[in-house]
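Colleague: Pasting a structure here, questions to come.
The values are calculated or read from the model by the stated rules, or taken from the named source; none is laboratory data. Being a predicted model, the structure only gives us computed values, none of them experimental. Note: ideal-geometry Cβ built from the backbone for every residue, glycine included; neighbour counts use all protein chains shown.
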Amino acid sequence: MENHFEVVIVGSGPAGLSAAGRAAELDLSHVLLESTSHLANTIQRYQKGKHVMAEPGFLPLRSSLPFDAGSREDILAAWQQNAETLSINVDWQADVVSISGQRGDFTLQTRAGKTIRAANVVLAIGLQGNPRKLGVPGEDQPFVQYQLDDPDEYQNESIMVVGAGDSAIENALALSRNNQVSLINRRDEFARAKEGNLKLLEDAIERGRIKVFFNSSLRQIETLTNGDHLAQVTLTTGEGEVQVPVDRIIARLGAIPPRDFVESCGINFPNDAVNAVPELTHQYESNVPGLYVIGALAGYPLIKQAMNQGYEVIEHILGHDIKPVDNDLLAEKFSGLPFDLDVEQTLELIQNNVLCFGPVNSLRFRELILESEMHTPAEGDVIFSRNDYTNSFYSVVEGSVEVVIDEATGKRVRIGEGHFFGEMGLISGRRRNATVYAGRHCVLVETPRRTMLRLLASADEVRRRIDQVFILRAIHSQFAPNSSLEDLSDLVNSAELRQYAPGEVLFAEGESGDELHLVRRGSLTVSRYLHGREVVLSYVPAGKYVGEMGLLGNTRRTASVRAVVPTETVVMKSGPFLALLDRDPQLKEQVQLQLQARLRANASMEASEEGGELLSFLMRQGLGEATDVLLIDESLCVRCDNCETACASTHGGTSRLNREAGPSYASIHVPTSCRHCEHPHCMKDCPPDAISRNASGEVVIADNCIGCGNCESNCPYGVIQMAQVGGSQPGLWSRVLFGAEHKKIKDKDAPKRAVKCDMCTSLKGGPACVRACPTGAAVRISPEQFIELVQEN
Amino acid sequence: MHGSFLSHRGGFWFWVALVLVLSSVLAYVWHEPLGQPNGGTWLGYTLGTVAALLIVWLTFFGVRKRAYYSRLGTVKGWLSAHVYLGGSLLVLGTLHSGFQFGLNIHTLAWLLMVLVIVSGFYGVWVYWRYPERITRNRDGMTRQLIFREVADIDRKASVIVEGLGSPADRMVISAIQLFSIGGGAWHQLTGRDRSRIMVAASKGSAKRWVQVANPTQQRLLDELTGLLSRSADPQEAALLQELIDLISRKAKLMRQLLADIRLQGLMEVWLYCHIPLTMALLATLMAHIVSVFFYW
Ligand SMILES: Cc1cc2nc3c(=O)[nH]c(=O)nc-3n(C[C@H](O)[C@H](O)[C@H](O)COP(=O)(O)OP(=O)(O)OC[C@H]3O[C@@H](n4cnc5c(N)ncnc54)[C@H](O)[C@@H]3O)c2cc1C
Ligand code: HEM
Ligand code: SF4
Ligand code: SF4
């Protein structure tokens, strides 16, 4: 049959293209289905001239097509050319809408109604998703577009833009320069749009350059054969139906995430987490035999990884036994280990030994080890120290480690083979709460935070095992370092984890309740109603607890407690806790003392209302999740900008702080500068994993940043900029005598990278901004000092 | 946490300076030179050397301030030392002179030294008082926010005048075009607004448009309120009222901005005396030293 292939590849991104390239090279009967009319739509949509990076640098490329760091244009041109010389069989405008069947007999349907049959299917559609369509007859007419590349291409047309987000508004504004534009919004306001865009839109409406239809939706598109316009759109508006003649419709309705489509093909996801990826075998095969998933969709967010998988998946389909390209990398990683085993055997040994990794599938596990580091420390070596800010996760493959649980007495506990440690730093994002020493002959795996978070998001069983141990250890170290673990079992078994959204109330003043909350991530504020207003009295960071008053007998809550940022607490019931207190009078006294200290602090805060206002102001500025922030005392700051100049001079010419921007309260100014968040939002979606946190707490961006801009949009505090770094710094004397300034890079096309405050980690003396401030206005403080700051003011 | 340079390390440099001053005063009183006290005695030489070294070191602050990689203390610590030791120089330098003043290069050097020090004291005073005034005047706004809001007001105003026609349109538009703020140092420091406006001046029966001053939009407001008081058309009156509200807001922002520019200017301007005077002082100091050794 003409349209029956050995393998069909869906999506022509780096992953799919590389698979098709290998198939073509091996003369395998294949077709590459691409929904647009060009290769690699995601790359096409990068900004013009973007410098594409080839991370991770250590990974070799294995593909029939070339790829090296370079401009978007060069890379696309090389792929285009290679696709031709390899004679890859591509079918354009083939938007696949369904896949059914199984190995040997798959049927694929495209939106245009074409049917394709194949023995194997490789799904490589990436994560960008397809644009949401208008959903009315005529949505696929040639004059209906779902993207706008160059607004200046159109002149004197009547254009209808549909959508209420920033991209719709930006398109409408750009088009309104030379065209007559109408903008269709289903609601009565533009709630999701940026402030700046709204201003410009308001302006364009006032000047009559854009006509907006609110509360309106498209009902019908009719093509016109005569008259001045191509089509006529019927809108349903609040005031009935309206007819609008148009020449072009641009719909910007966002993208449909591919997950629903992928599930409709029968592929399982482990859970509902947004970042969950399908379960795959070693060979990238999903739970549907013969249906393979590769590239970004399989959870590999970089071009090179995607291309390698494209090559490998074809080899797997052909039954060739090829070693994964990372085999040598793993061999090197394992070379220092005291095992006489090959790579696969070592992997198996580690996975069998470490209990919490048991439920992980082998492909995931391999990736995890690739990203992890192996350690064989000598007995007595420090693995990490108390108060370090590192947040990687350790598992003990062999031997044991010792954890100092009581700094005063030096009391240690042993963690043996198969167990793990370091989960507290990982979960709370705060400093390590104990020092850990290596025991004899120990072999450890250190897994970075990002890798662990990805694993936790997709493997519920792993999460459950870790949480269980977390609760036990948290209670043990916080309340009962002297009790045996058995003594705690009642308390631990009755404890549970609870999540709170920012602003959510844990308990309110006047309620009755006797639960104790130990904060394990995020932070809380404690507030009371005073003189008819709610006044914030204190701030409770991760690692501390609230609600102990209820336990000690007073079950009417005397204050309200609220989450500042996404927060998780370990909730303990009073019964078993009281039993513990009865057994341990020393602990009881300690809890009472802490309570008294808190009540005293609250009382002094109540005496000054501004203090409470200042504290809530700081919380609103995101300091509730900060580990270190730059604050400027406006009553000392002489606006000399020496802080910014110092920052720029020591960081390739771009200041990472904007002194003037940012809000102030009671002469405390929060400039736009990184807060080094406990759980940095910027890290969330960084393809090459370039953002990390140092032992001393700084969140830094490494050189392997690919300049994708994800972190810039993920940081809620607007502190990341995309900038060309470099240029030259004039000598000290020309700066002193002639006021010479930093020379920017000359090359306009030099790659831009994400830059932000790195707390001057590379400078010996500490943050340059603070050291350069002549008046003492600029200080960096950590959240523990907020209360002190407030009292000082 | 936040602490001024004046109280850096519990005023450490204040105490150092105090000890320096007291010991030199004691030495001066105790010391009985053969003739008149002057720079030529052993105490005179000692005081002179210390003072000259201090001056060189005080000047070096300008270098340290820009050496961003330096780990030699913090700029704040340096400024603290600069201010207190610089102050002690007033006593050291004067004692060194033995109060022998005349019309010569030596006294000129002393005079320049005093001027630098006095300007420095003035600087400390403005650094102490002005930051708070600036904050209060800013009232939560930044310059960028002010300019953005002004641009917004201008935009709205130019849409409204389209419905009003002459003469309001020409006045409003010209007020926007002839808007000017800042300018030279003098204008900045006096806080003058040099904005202007075109208004119709009737000379006999002929009407002519002339340019007149429009500080903080006051002239425009006067003209608009005049138009409003004469208006009989309710629709026109409503538009005029809307304009007046907008321009009043702009006037308020202008006053805020002018005050900001003025305060900031005043806080910085003294450095423009302090530094050139320092240069002059260094030059005369050299001359002073050379001439002393030459005539010796
Ligand atoms: C702004 C930005 C910058 C980046 N910079 C870099 C960089 O410098 N270096 C780097 O290594 N990575 C970078 N990345 C990540 C990189 O783009 C992705 O990892 C990579 O594109 C993933 O490849 P893929 O083949 O899995 O999917 P994609 O590249 O997303 O390709 C999917 C293809 O499938 C098509 N398709 C989708 N659905 C269907 C369907 N139903 N039927 C048929 N076809 C379909 C799409 O049109 C598309 O062509 C960046 C990402 C972004 C967003
Ligand atoms: C002969 C004595 C002095 C000399 C030669 C001297 C020299 C200097 C120099 C070169 C600078 C650097 C300016 C710049 O580069 O930005 C400076 C700054 C300054 N000096 Fe002095 N100074 C002297 C005495 C004083 C005294 C007595 C005081 C105060 C009591 C003082 C207060 C200051 C202040 C506040 C600054 C500004 C710091 C800043 O904004 O960075 N100086 N001085
Ligand atoms: S860049 Fe933004 S999100 Fe990342 S740590 Fe800094 S403030 Fe937090
Ligand atoms: S260096 Fe200090 S005084 Fe100067 S602008 Fe920065 S915070 Fe203000």
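Colleague: Determine if region A:731-740 includes at least one residue that is touching a Leu at 6+ places or on another chain (Cβ under 7 Å) and in the same structural domain as A:ASN658 (by TED's automatic domain parsing).
Modeller: Scanning region A:731-740 turns up no residue that is touching a Leu at 6+ places or on another chain (Cβ under 7 Å) and in the same structural domain as A:ASN658 (by TED's automatic domain parsing).
Colleague: In addition: Would you check if there is a residue in region A:230-237 being of a type outside the set (S, T, N, Q), in a loop (DSSP other than H, G, I, E, B) and over 30 Å from B:SER158 (Cα atoms)?
Modeller: The answer is yes; a qualifying residue exists.
Colleague: Sticking with this one: Please state which of the following conditions A:GLY208 fails to meet, knowing it meets all the rest: (1) in contact with a Lys or Arg (Cβ under 8 Å, 6 or more places away or on another chain); (2) within 14 Å of chain B (Cβ to nearest Cβ); (3) on the phi > 0 side of the Ramachandran plot.
Modeller: For A:GLY208, the exception is condition (1).
Colleague: Shifting gears a bit: Whether any residue in region B:218-233 is in contact with a Ser or Thr (Cβ under 7 Å, 6 or more places away or on another chain) and touching a residue at least 12 places away in the same chain (Cβ under 8 Å) is what I want to check.
Modeller: Yes, the conditions are met somewhere in region B:218-233.
Colleague: Looking at A:ALA24, A:ALA20, A:ALA15 in this structure, which one is closer than 17 Å to A:LEU86 by Cβ and either modelled with pLDDT under 95 or in contact with a helix residue (DSSP H, G or I) (Cβ under 6 Å, 6 or more places away or on another chain) (or both)?
Modeller: Going through A:ALA24, A:ALA20, A:ALA15 in turn, just one is closer than 17 Å to A:LEU86 by Cβ and either modelled with pLDDT under 95 or in contact with a helix residue (DSSP H, G or I) (Cβ under 6 Å, 6 or more places away or on another chain) (or both): A:ALA15.
Colleague: When you go through (1) under 30 Å from B:ARG129 (Cβ atoms); (2) away from chain A (no Cβ under 14 Å); (3) among the small types (Gly, Ala, Ser) one by one for B:ALA27, which number turns out not to apply?
Modeller: (1)
Colleague: For region A:758-793, what are the residues that are within 16 Å of ligand 2 (Cβ to nearest atom), aliphatic (A, V, I, L, M) and in contact with a Leu (Cβ under 9 Å, 6 or more places away or on another chain)?
Modeller: Matches in region A:758-793: A:VAL770, A:ALA777, A:ALA778.
Colleague: Can you go through B:GLY77, B:GLY86, B:GLY120, B:GLY140 and tell me which one is within 16 Å of ligand 4 (Cβ to nearest atom) and either in contact with a Cys (Cβ under 9 Å, 6 or more places away or on another chain) or under 29 Å from A:ALA778 (Cα atoms) (or both)?
Modeller: Result of the check over B:GLY77, B:GLY86, B:GLY120, B:GLY140: B:GLY77.
Colleague: Same structure again: Give me the pairs: first residue in region B:76-88 and at the interface with chain A (Cβ under 9 Å from one of its Cβ atoms), second residue among the β-branched types (Val, Ile, Thr), beta-carbon distance under 7 Å, and six or more apart or on different chains, which are they?
Modeller: From residues that are at the interface with chain A (Cβ under 9 Å from one of its Cβ atoms), the pairs are B:LYS76/A:THR775.
Colleague: Another question about this same structure. In the list A:CYS769, A:CYS773, A:CYS682, A:CYS760, which residue meets the criterion of being in contact (Cβ under 8 Å) with a residue 60 or more places away in the chain and in contact with a Pro (Cβ under 8 Å, 6 or more places away or on another chain)?
Modeller: None of the other options fit; the residue is A:CYS760.
Colleague: Would you point out the residue of region A:651-661, among those that are of a type outside the set (Lys, Arg), within 12 Å of ligand 4 (Cβ to nearest atom) and in a loop (DSSP other than H, G, I, E, B), that is nearest to A:GLY697 (Cα to Cα)?
Modeller: A:LEU657
Colleague: Residues of region A:624-647 being closer than 25 Å to A:ASN387 by Cα and within 14 Å of chain B (Cβ to nearest Cβ), which ones?
Modeller: Correct list: A:ASP628, A:VAL629, A:LEU630, A:LEU631.
Colleague: Only one of (1) basic (Lys, Arg); (2) part of a helix (DSSP H, G or I); (3) over 16 Å from A:LYS333 (Cα atoms) is not met by A:ARG366, so which one is it?
Modeller: Just one mismatch for A:ARG366, condition (3).
Colleague: Of the residues that make up region A:719-739, is at least one within 9 Å of ligand 3 (Cβ to nearest atom) and either over 30 Å from A:GLU609 (Cβ atoms) or in a loop (DSSP other than H, G, I, E, B) (or both)?
Modeller: yes
This table checks each residue for (1) hydrophobic (A, V, I, L, M, F, W, C); (2) more than 16 Å from ligand 4 (Cβ to nearest atom); (3) not in a loop (DSSP other than H, G, I, E, B).
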{"position": "A:ALA273", "(1), (2), (3)": "yes, yes, no"}
{"position": "A:TYR292", "(1), (2), (3)": "no, yes, yes"}
{"position": "A:MET307", "(1), (2), (3)": "yes, yes, yes"}
{"position": "A:ILE314", "(1), (2), (3)": "yes, yes, yes"}
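Colleague: Next question. Limited to region B:140-175, what total is found for residues that are charged (D, E, K, R), touching a residue at least 40 places away in the same chain (Cβ under 8 Å) and at the interface with chain A (Cβ under 10 Å from one of its Cβ atoms)?
Modeller: Number satisfying all stated conditions: 2.
Colleague: Exactly one of (1) buried (at least 18 other Cβ atoms within 10 Å of the Cβ); (2) in contact with a helix residue (DSSP H, G or I) (Cβ under 6 Å, 6 or more places away or on another chain); (3) within 14 Å of chain A (Cβ to nearest Cβ) is unmet by B:HIS2. Its number?
Modeller: With (1) buried (at least 18 other Cβ atoms within 10 Å of the Cβ); (2) in contact with a helix residue (DSSP H, G or I) (Cβ under 6 Å, 6 or more places away or on another chain); (3) within 14 Å of chain A (Cβ to nearest Cβ) applied to B:HIS2, the lone miss is (2).
Colleague: Quick check on my filter: what residues within region A:408-433 are of a type in the set (A, V, I, L, M, F, W, C) and modelled with pLDDT under 90?
Modeller: Answer for region A:408-433, where residues must be of a type in the set (A, V, I, L, M, F, W, C) and modelled with pLDDT under 90: A:ALA408, A:VAL413, A:MET424, A:LEU426, A:ILE427.
Colleague: Name the residues in region A:325-358 that are part of a loop (DSSP other than H, G, I, E, B) and crowded, with 18+ Cβ neighbours inside 10 Å, would you?
Modeller: Listed by number, the residues that qualify are A:VAL325, A:ASP326, A:VAL354.
Colleague: Here's a follow-up. More than 16 Å from A:LEU302 (Cβ to Cβ) and either assigned by TED's automatic domain parsing to the domain that holds A:LEU297 or small (Gly, Ala, Ser) (or both): is that true of A:ALA20 in this structure?
Modeller: yes
Colleague: Need a quick list: helices (runs of 4 or more DSSP H) entirely within region B:166-244 having at least 2 residues that are modelled with pLDDT of 90 or more.
Modeller: Fully inside region B:166-244 and qualifying: B:168-177, B:218-230.
Colleague: Considering each residue of region A:699-743, count those that are within 16 Å of ligand 2 (Cβ to nearest atom) and either more than 14 Å from every other protein chain (Cβ to nearest Cβ) or hydroxyl-bearing (Ser, Thr, Tyr) (or both), and give that number.
Modeller: Final tally of qualifying residues: 1.
Colleague: Scan A:SER649, A:SER664 and give me the residue that is of a type in the set (Ser, Thr, Tyr) and away from ligand 2 (no atom under 16 Å from the Cβ).
Modeller: So the residue among A:SER649, A:SER664 that is of a type in the set (Ser, Thr, Tyr) and away from ligand 2 (no atom under 16 Å from the Cβ) is A:SER664.
Colleague: Can you confirm whether A:SER523 is surrounded by 14 or more Cβ atoms within 10 Å (Cβ to Cβ), of a type in the set (Gly, Ala, Ser) and under 26 Å from the mean Cα position of the chain (by Cα)?
Modeller: Judged against the criteria, A:SER523 is a match.
Colleague: Take B:VAL114 and tell me if it is within 15 Å of ligand 2 (Cβ to nearest atom), β-branched (Val, Ile, Thr) and closer than 25 Å to A:ALA646 by Cα.
Modeller: no
Colleague: Quick check, is B:GLY93 within 14 Å of chain A (Cβ to nearest Cβ) and surrounded by 15 or more Cβ atoms within 10 Å (Cβ to Cβ)?
Modeller: The answer is no for B:GLY93.
Colleague: Which count do you get for residues in region A:767-788 that are within 9 Å of chain B (Cβ to nearest Cβ) and part of a loop (DSSP other than H, G, I, E, B)?
Modeller: 5
Colleague: Moving to a separate point now. Residues that are among the aromatic types (Phe, Trp, Tyr), modelled with pLDDT under 95 and not in a helix (DSSP H, G or I): does region A:38-48 have at least one?
Modeller: Among the residues of region A:38-48, at least one is among the aromatic types (Phe, Trp, Tyr), modelled with pLDDT under 95 and not in a helix (DSSP H, G or I), which makes the answer yes.
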